[in-house]
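Presented below is the structure to which this report refers.
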Amino acid sequence: MAQKILQAGLSAGMSAVSGFHSSKPKSLPEDYDGLQHLIPDNITPSLDSRYTLRGKGSKDVEVPLISWGAWPWGDTSTFHWSDSELPALREAWKKCLENGMTFVDTAQVYGTGRSEEILGDLIRNHSPGVDRSQIIVQTKWLPHVTDAGTNALHPIDAPVIQLRKTLERMNLSYIDCYLVHGPIHISSIKQAAKGLAKCVEEGMTKAVGVANYSVDDMLKMKDALAEYGIPLATNQCEYSILRRLPETEGMLEACKRHGIVFQSYSSLAQGRLSGKYTKDNPPPKEYRFSSYDMEHIEPALDVLRSLAQKYNVSIAAVALNWNMCKGAIPVVGIRKESQAVENMQAFGWRLTKEEITELDRRGFEGKTTKLWQQG
């Protein structure tokens with residue numbers, strides 16, 4: 001039911017990130033310099049590259065530069081999941097394990113818990129020879145859709161209560177990172193921080209973070225967690241060539257300055273930047289993130305196609321490499337082995353500054369919404 005409530009608004013034309021969609025996406029100012037956010041010139045993203053999600057004391061979490069998004073797993077409303085897809089997903093998982101790409105992002109609302117169940121099964125029953133400590137599990141607490149009543153009655157303990165349910169669904173003793181899914185909790189930031197701190201102190205998670213928070217609220221959460229000696233490890237927001245707001249509003253800079261890892265979801269704009277869709281073959285209406293008409297996206301796709309040919313990689317790999325060059329960990333969905341293979345082609349090379357500028361010029365700024373994504 002929860003996923004259907006969430007999807008109802010999206011399918012009706014409302015975006016979780018952009019309000020009701022405009023047919024005229026806003027470009028960035030001509031004098032805007034997107035190169036200021038690039039990682040150092042001497043760094044090339046690789047399969048062995050790692051960022052650190054800071055935990056309390058010495059309990060940091062080292063994560064690969066791509067996170068596999070598990071929203072589609074079990075979600076029948078947006079992604080029309082069927083359990084007949086499980087064999088293909090297991091083959092994709094095997095390929096990820098072989099390459100050390102073991103960072104998975106899920107949420108309690110995805111498939112109303114089914115995504116977490118599927119991930120737990122992959123870890124327990126389809127990871128031969130791979131220790132649990134080598135797999136990074138990240139999930140998210142979404143109070144207003146799954147937990148509004150608990151949040152109202154237990155403004156501090158709601159994330160604790162729900163994480164216990166997550167661990168039961170996954171049949172795991174801990175996860176690696178626990179996020180507040182969005183800034184829509186009834187509890188105050190200080191109360192939510194205390195709840196997250198309890199999750200850490202009880203050993204249920206090593207690190208904690210937020211998603212869809214603005215810069216101001218992110219820093220308020222950082223300060224609130226610091227009272228318990230716990231760092232804010234990460235903020236996850238929508239970010240891609242088609243939504244550059246985390247750059248222009250200072251999110252990327254704030255994360256670097258405070259040691260917070262920035263994760264970018266919808267980094268392929270729900271397939272719009274993968275080469276799968278065109279103006280004659282648009283994505284499903286349910287795919288509401290970065291939901292611009294494909295005719296507006298074609299200029300960016302033309303550049304992506306050209307660069308994919310130059311580097312002999314997939315179109316998706318170019319878009320993901322752009323994300324990583326900006327210092328983000330892209331969260332990208334996988335359902336089959338071919339997607340994992342194409343996405344991992346983003347490693348081992350790097351776009352030039354001129355190529356990044358060319359893509360930047362064909363991107364959009366994007367918007368925020370009070371309802372959901374503020375960052």
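Read-outs: derived from the displayed coordinates by stated rules, not from any lab. Model, not experiment: these values are computed from the prediction. With ideal geometry, Cβ positions are generated from the backbone for all residues, glycine too; neighbour counts draw on all protein chains shown.
Computed quantities for the displayed model
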| quantity | calculated |
| --- | --- |
| Length added when fully stretched, Ser27-Asn312, from 0.36 nm per residue minus Cα-Cα | 99.7 nm |
| Value at 222 nm in deg cm²/dmol, rounded to 500, when DSSP H runs of n ≥ 4 in the chain each add -39,500 (n - 2.57) | -11000 deg cm²/dmol |
| Pairs beyond 30 Å (Cα-Cα), from Lys94/Lys190; Lys95/Lys310; Lys310/Lys367; Lys165/Lys367; Lys310/Lys370; Lys220/Lys336 | Lys94/Lys190; Lys310/Lys367; Lys165/Lys367; Lys310/Lys370; Lys220/Lys336 |
| Footprinting exposure proxy for Asp75, Asp48, Asp223 (fewest neighbouring C-beta atoms within 10 Å first) | Asp48, Asp223, Asp75 |
| Difference of contour (0.36 nm per residue) and Cα-Cα distance, Leu38 to Glu286 | 86.0 nm |
| Largest-first principal axis extents, alpha carbons of the chain, Å | 51, 44, 43 |
| Calculated from backbone phi, Karplus (6.51, -1.76, 1.60) coupling profile of segment 115-120 in Hz, x at Gly/Pro | 4, 5, 4, 5, 5, x |
| Segments 108-116, 236-244 sorted - mean Cβ within 10 Å per residue, highest first | 236-244, 108-116 |
| Gained length - Glu354 relative to Met294, 0.36 nm times residue gap less alpha-carbon distance | 19.2 nm |
| Eligible lysines near Lys279 by straight Cα distance, threshold 22 Å, same-chain separation 8 or greater | Lys24, Lys26 |
| Sequence of His37, His185, His80, His258 once ranked by neighbouring C-beta atoms within 10 Å, starting from the fewest | His80, His258, His37, His185 |
| Relative contact order (%) - the chain, alpha-carbon pairs under 8 angstrom, separation at least six | 25 percent |
| Cβ-based net charge around Ile39, under 10 Å, with every Lys or Arg adding one and every Asp or Glu removing one | +2 |
| Residue order, fewest to most beta carbons within 10 Å, for Thr102, Thr44 | Thr44, Thr102 |
| Dipole magnitude (debye, nearest 20) for segment 55-103, charges at Cβ of Lys, Arg, Asp, Glu | 180 debye |
| Phi to ³J(HN,Hα) by Karplus 6.51 cos²θ - 1.76 cosθ + 1.60 over segment 335-343, Hz, x for Gly, Pro | 10, 8, 4, 4, 5, 4, 5, 5, 5 |
| Electrostatic dipole magnitude of segment 22-360 [Cβ: Lys, Arg +1; Asp, Glu -1; Cα centre; debye, to 20] | 580 debye |
